[in-house]
1. Would you say Leu158 is under 29 Å from Ala59 (Cα atoms) and touching a residue at least 24 places away in the same chain (Cβ under 8 Å)?
2. Which numbered condition trips up Glu115, out of (1) farther than 20 Å from Asp159 by Cβ; (2) more than 15 Å from the chain's Cα centre (by Cα)?
3. Select from the range 1-55 the residues that are assigned to a loop (DSSP other than H, G, I, E, B), without any contact (Cβ under 8 Å) to a residue 60 or more places away in the chain and either surrounded by 10 or more Cβ atoms within 10 Å (Cβ to Cβ) or of a type in the set (A, V, I, L, M, F, W, C) (or both) and list them in ascending order.
4. Those residues that are of a type in the set (A, V, I, L, M, F, W, C) and either touching an Asp or Glu at 6+ places or on another chain (Cβ under 9 Å) or under 17 Å from Met72 (Cα atoms) (or both), I need them from the range 100-126; list them, please.
5. Does the range 144-166 include one or more residues that are under 17 Å from Gly38 (Cβ atoms) and of a type in the set (D, E, K, R)?
6. What number of residues in the range 130-146 are closer than 15 Å to Thr44 by Cβ and either loosely packed, with under 14 Cβ neighbours inside 10 Å or small (Gly, Ala, Ser) (or both)?
7. Within the range 6-58, count every residue that is among the hydroxyl-bearing types (Ser, Thr, Tyr) and under 15 Å from the mean Cα position of the chain (by Cα).
8. If the requirement is being more than 27 Å from Met128 (Cβ to Cβ) and in contact with a helix residue (DSSP H, G or I) (Cβ under 8 Å, 6 or more places away or on another chain), which of these qualifies: Lys39, Lys60, Lys33?
Amino acid sequence: MNRYLLPLSALGTLAGAAVLLRDYVTGGACPSKATIPGKTVIVTGANTGIGKQTALELAKRGGNIILACRDMEKCEAAAKDIRGETLNHHVNARHLDLASLKSIREFAAKIIEEEERVDILINNAGVMRCPHWTTEDGFEMQFGVNHLGHFLLTNLLLDKLKASAPSPRS
């Protein structure tokens with residue numbers, strides 16, 4: 001038996017295991033090459049995590065992306081990062097606090113007034129495992145933000161979403 005066979009076999013097994021582990025840890029990749037030029041997309045909670053990654057991917061695909069976040073400093077930084085990485089200058093930060101029905105109404109009114117169309121609304125923002133806080137309107141925080149806030153936002157933008165159908169195809 002060749003003395004190099006066992007070490008090379010072990011090395012190959014380790015390399016294969018490393019590739020499989022990397023694929024498992026980093027998650028899947030979207031194989032679609034679809035583009036969305038001319039489409040307007042709103043992503044709530046887009047300053048970090050899944051929301052930011054979603055906005056980044058959609059910006060790469062050429063959409064007009066609106067990051068809707070509570071913390072404008074973080075939102076502006078995320079928008080700047082996404083514009084820099086994608087060279088898509090149609091990435092904008094807008095204030096939206098889902099714990100405030102007033103903020104939701106103001107955000108929706110501004111979108112309806114300023115945006116020609118809204119093709120996609122991604123309700124991503126949320127809170128989890130917070131102490132027993134209440135929204136400014138008196139609702140339990142997690143229920144108010146994760147459910148009532150997005151419900152109101154969607155309903156306020158529903159006519160604009162319907163009027164934008166069918167979305168332009170690429």
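1. Numbers: under 29 Å from Ala59 (Cα atoms): yes; touching a residue at least 24 places away in the same chain (Cβ under 8 Å): no.
When the stated conditions are applied, Leu158 does not pass them.
2. (1)
3. From the range 1-55, those assigned to a loop (DSSP other than H, G, I, E, B) are 1-4, 27-39, 45-48; that's our starting set.
Next, only the ones that are without any contact (Cβ under 8 Å) to a residue 60 or more places away in the chain stay: 1-4, 27-33, 47-48.
Selection gives Met1, Ala29, Cys30, Asn47, Thr48.
4. Of the range 100-126, the ones of a type in the set (A, V, I, L, M, F, W, C) are 101, 104, 107-109, 111-112, 118, 120-122, 125.
Scanning the range 100-126 gives Leu101, Ile104, Phe107, Ala108, Ile111, Ile112, Ala125.
5. Of the residues in the range 144-166, the ones under 17 Å from Gly38 (Cβ atoms) are 160-161, 163-166.
Checking the rest, the ones that are also of a type in the set (D, E, K, R) come to 160.
Scanning the range 144-166 turns up at least one residue that is under 17 Å from Gly38 (Cβ atoms) and of a type in the set (D, E, K, R).
6. 1
7. Step one: of the range 6-58, the residues among the hydroxyl-bearing types (Ser, Thr, Tyr) are 9, 13, 24, 26, 32, 35, 40, 44, 48, 54.
Add one more test, that the residue is under 15 Å from the mean Cα position of the chain (by Cα), and what stays is 40, 44, 48, 54.
The number of residues fulfilling the criteria is 4.
8. Criteria check complete, one pass: Lys60.
The values are calculated or read from the model by the stated rules, or taken from the named source; none is laboratory data. Fair warning: this is a prediction, and the values are worked out from it, not measured in the lab. With ideal geometry, Cβ positions are generated from the backbone for all residues, glycine too; neighbour counts draw on all protein chains shown. Areas reflect the complete protein model, heavy atoms only, side chains present, ligands, DNA and RNA absent. Shrake-Rupley method; radii C 1.70, N 1.55, O 1.52, S 1.80 Å.
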